[in-house]
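All remarks here apply to the structure that follows.
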Amino acid sequence: MEVIIRQDEEAAARMVARLVARQLRLKPDSVLGLATGRTMERVYAELVSMHRSGGLDFSLCRTFNLDEYVGLEPSDSHSYRYYMNENLFKRVNIDLRNTHLPHGMATDLKAECAHYESLIASVGGIDLQLLGIGETGHIGFNEPLSSLRSRTRDKCLTPSTISVNSTLFGDEPHRMPRRAITMGVGTILDAREVILLATGPRKAGIMAKAVEGPVTAMVSASALQLHPACKVIVDEAAGADFKETDYYRWVFENEPEWEPYRGNPQD
Ligand code: F6R
């Protein structure tokens, strides 16, 4: 695991977008694992601008989202399919047939989850998986006590996640679903590379547990310590509770891979 601390949320999101762009240039038919949520909005805005001004090409890439609410139609403005269409897919040259999210309206959820796993396997697995983190430590919707070997399944959300995410439902917070289909922790760990992005002071406590605490099913994101190619990118606020900040900065300043990203801390 590598931890990179950027000055603010714009700089952290820009760095994630640059790493996604690097992946797409190296392998135009990459399989990307995508996340939704407030944190990712800036990453997608940055990718859209790279597409518009720099010709970043999405035409061959395939995408699999981490999760989708159970019980929302894809056309529902609160569904993750809707979020992805609005924030990224409609704004770049991606072929919508190459974009995948679990179907939250499936009548047989178990079969839908198995199908999702087999779709990911059929394209050779995920090259680069983007992750946000919830205040419960969830990645995807793997709430506390999710097995560290779990696969795609439908999961009961915690009261904390329901309360945090229901604020996105405007004047209809009661419409916030109680369940979601999510890739499992094991599914996420199978990705060849993983980038976790966390920003803002509300994520500082859980980020310190995920990165510097023990690997535990109580904090699903701590399982990323087991991943051989995981980058954690935070802004100063989300990194505020780390103990080993000086060491993370030293590695960033010295690793040749990060040479193009050094210099302006806002970049
Ligand atoms: C969403 C997802 C979640 C979010 C997490 C953080 O697809 O998988 O794990 O990444 O809940 O959400 P925000 O960014 O809204 O704080």
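Structure summary
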{"item": "Residue among 237, 13, 114 with the largest mean-square fluctuation in a Gaussian network model of the chain, springs linking Cα atoms under 10 Å", "result": "114"}
{"item": "Within straight-line cross-link reach of residue 203, lysines at Cα separation under 23 Å, skipping those fewer than 8 residues along the same chain", "result": "155, 231, 243"}
{"item": "Gain in span if fully extended, residue 251 to residue 2, counting 0.36 nm per residue against the direct Cα distance", "result": "88.8 nm"}
{"item": "Accessible-area value, residue 209, 1.4 Å probe, nucleic acids and ligands omitted, Å²", "result": "120"}
{"item": "Gaussian network model of the chain, springs between alpha carbon atoms under 10 Å - residue of 229, 180, 238 with greatest fluctuation", "result": "229"}
{"item": "Exposure of residue 3 as accessible area (Å², to 10), given a probe of 1.4 Å and all protein chains", "result": "10"}
{"item": "Heavy-atom accessible area per residue - the chain, 1.4 Å, Å²", "result": "44"}
{"item": "Kirkwood Rh, angstrom, the stretch 1-114 [1 / mean 1/r, Cα pairs]", "result": "15.0"}
{"item": "Residue with peak Gaussian network fluctuation, the chain [Cα springs, cutoff 10 Å], from 220, 75, 122", "result": "122"}
{"item": "Cα→Cβ-extended label distance, 7 Å offset, between residue 118 and residue 216, nm", "result": "3.8"}
{"item": "Inter-label distance for residue 135 and residue 166, nm, one decimal - labels placed 7 Å from Cα along Cα-to-Cβ", "result": "1.3"}
{"item": "Value of relative contact order over the stretch 27-169, rounded to a whole percent, pairs C-alpha under 8 Å and six or more apart", "result": "28"}
{"item": "Over 36 Å [Cα-Cα, the chain], rounded percent", "result": "8"}
{"item": "Coordinate range along principal axes, alpha carbons of the stretch 112-267, Å, largest first", "result": "45, 40, 29"}
{"item": "10 Å Cβ shell holding at most 14 others, DSSP loop, GluC sites (Glu not before Pro): longest site-free stretch of the chain", "result": "1-134"}
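The values are calculated or read from the model by the stated rules, or taken from the named source; none is laboratory data. All figures in this text were calculated on a predicted structure; none of them were measured in a lab. As a convention, Cβ positions derive from the backbone with ideal geometry for all residues, glycine included, and neighbour counts pool all protein chains shown. Areas reflect the complete protein model, heavy atoms only, side chains present, ligands, DNA and RNA absent. Shrake-Rupley method; radii C 1.70, N 1.55, O 1.52, S 1.80 Å.
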